[in-house]
Amino acid sequence: MEARWRSSAKPVQAPKTTKTVSFEEVSGKASSSEALPLSLHLTNAVFFSLFFSVVYFLLSRWREKIRTSTPLHLVNLSEIVAIFAFIASFVYLLGFFGIDFVQSLILRPSTDLWNSEDEEENEALLRKEDARKIPCGQALDCSVTSAPIISAQKVVDEKPVKLTTEEDEEIIKAIVAGTTPSYSLESKLGDCKRAASIRREALGRITGKSLSGLPLDGFDYESILGQCCEMPIGYVQIPVGIAGPLLLNGKEYSVPMATTEGCLVASTNRGCKAIHLSGGASSVLLKDGMTRAPVVRFGTAKRAVDLKFYLEDPENFETLAVVFNRSSRFARLQGIKCVIAGKNLYLRFTCGTGDAMGMNMVSKGVQNVLDFLQTDFPDMDVIGISGNLCSDKKPAAVNWIEGRGKSVVCEAIIKGDVVRKVLKTSVESLVELNMLKNLTGSAMAGALGGFNAHASNIVSAVYIATGQDPAQNIESSHCITMMEAVNEGNDLHISVTMPSIEVIDSVTVRLSNYISK
């Protein structure tokens, strides 16, 4: 360990013999190894050898005493010397290397800190550094540099927003004053990244809160303009894990999952492994249809019933389908179900939407039909394009029973030895647990489509990773899990039925083609 000396323009005077040597002087002017009569490596080798030698000697002696039934507290001169040697070597190794390790941690990241002429300024800077309130990862800097030390908090605060022009400052002041709307920055500036930076700075001044913990750089703000997020000020990072391969319908898939929940990916991956080792799973698409249900009102209940009979008449369906399908070249009307509540009528349209999740095209088709019906039912008052009978992003029995989006059933037979070796349990225990927890326990709780262990966790993680709407996890995670012992009780038949999975097919198909083998 080479000595570290503090440079100074002032002449260095020899210390007085009565002066107390501080830790700063020891760490700054001389290495602790200079006090040793031998070199550092040789001293370390001696004490290492001594330590392990006496440990081996003492263990051998004590084993011999145990074998001969000799009391351990009876020791001879050689054993006493060995005990003292063990204590001395242990104290040296612990003390010397402990101090050396602490010195390396303290001195390495801040060597230039000791170059200041004013020690009081150094101490003040150290206190300021210790008081910073930022994530430890942002404060960590393992590089060795001779550049002046800059507070990590200052770097985090200044990096996202680079106000280099007076024009930016004027825009920020206008936003703070309320004369310029924040939502118009992208169209006025023509630079989405600059607009996000200015909006971020203005928000910080308005609220008096720091946004240093929210990342800004490294994101393509042009891609979200007019698409999925308005008035951005940064982005959130979510780790993405991979579970699989999942053997489904004879094809292997790797399942991406974006989550911050520990063990979720691991448990899903264990299930994929059990399915793969047992020959894979199979799935069947039962139904595919997105819904939208407007609510209309009449002056009397009889008029509402008249419209109900008209819509449910098979002879009128073809005409209504032609009107509905004008909204998109993919939209195809499948059916209309009506529910009466007094003089109010709820119309639940079901429509095929191709690769899209289809909420917009269904809404446009419904609007086309309502405009068409206005001719024969001029007294119809449209209260809302959605009357919640759809039902979107809310737990509802209609989705659990009728389905919405993709209705799917999936099954697999897990071999008994796989249940024992991979899942670490037995077929009998799983069947009993599923009955008492997923089925009976959920029924006792009055669950609505929640007859499963944690389908919601997996659905949400996959939705976020693949660009789906995570809010639709509510009805998309409706799931009932069934388990049964088969093959004379040796194997486990497991199935899940999910009647309301709302996904954008195009995203899923492209991702599956990319990650499938």
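The values are calculated or read from the model by the stated rules, or taken from the named source; none is laboratory data. As the structure is a computational prediction, the values presented were derived from the model and not from experiment. Cβ atoms come from the backbone with ideal geometry, glycine included; neighbour counts cover every protein chain shown. Just the protein is used for accessible areas: all its heavy atoms, side chains included, with ligands, DNA and RNA removed. Shrake-Rupley method; radii C 1.70, N 1.55, O 1.52, S 1.80 Å.
Against the condition in a helix (DSSP H, G or I), buried (at least 16 other Cβ atoms within 10 Å of the Cβ) and either modelled with pLDDT under 95 or not assigned by the TED database to the domain that holds residue 504 (or both), how does residue 357 come out, does it pass?
The answer is no for residue 357.
Specify which of the listed residues (494, 458, 464) is β-branched (Val, Ile, Thr), out of contact with any Gly (no Cβ under 7 Å at 6 or more places or on another chain) and not in a helix (DSSP H, G or I).
Checking each option against the conditions leaves just 494.
Scan region 317-352 for residues that are under 38 Å from the mean Cα position of the chain (by Cα) and either open to solvent by less than 70 Å² (accessible area, probe 1.4 Å) or not assigned by the TED database to the domain that holds residue 300 (or both) and jot them down.
Restricting attention to region 317-352, the residues satisfying the condition of being under 38 Å from the mean Cα position of the chain (by Cα) are 327-334, 348-352.
Residues satisfying the conditions are 327, 328, 331, 333, 348, 349, 350, 351, 352.
Does region 245-285 hold any residues that are more than 21 Å from residue 407 (Cβ to Cβ) and among the small types (Gly, Ala, Ser), and which are they?
Matches in region 245-285: 250, 254, 258, 262, 266, 267, 271, 274, 278, 279, 280.
Out of 284, 265, 296, 305, I need the residue that is under 22 Å from residue 502 (Cα atoms) and either open to solvent by less than 40 Å² (accessible area, probe 1.4 Å) or part of a helix (DSSP H, G or I) (or both). Which one?
Only one candidate passes the filter, namely 265.
Given (1) over 16 Å from residue 466 (Cα atoms); (2) surrounded by 18 or more Cβ atoms within 10 Å (Cβ to Cβ); (3) at pLDDT 95 or above, identify the lone condition not met by residue 212.
(3)
For region 476-502: of the residues being among the acidic types (Asp, Glu) and more than 16 Å from residue 287 (Cβ to Cβ), which is farthest from the chain's Cα centre (by Cα)?
The residue in question is 488.
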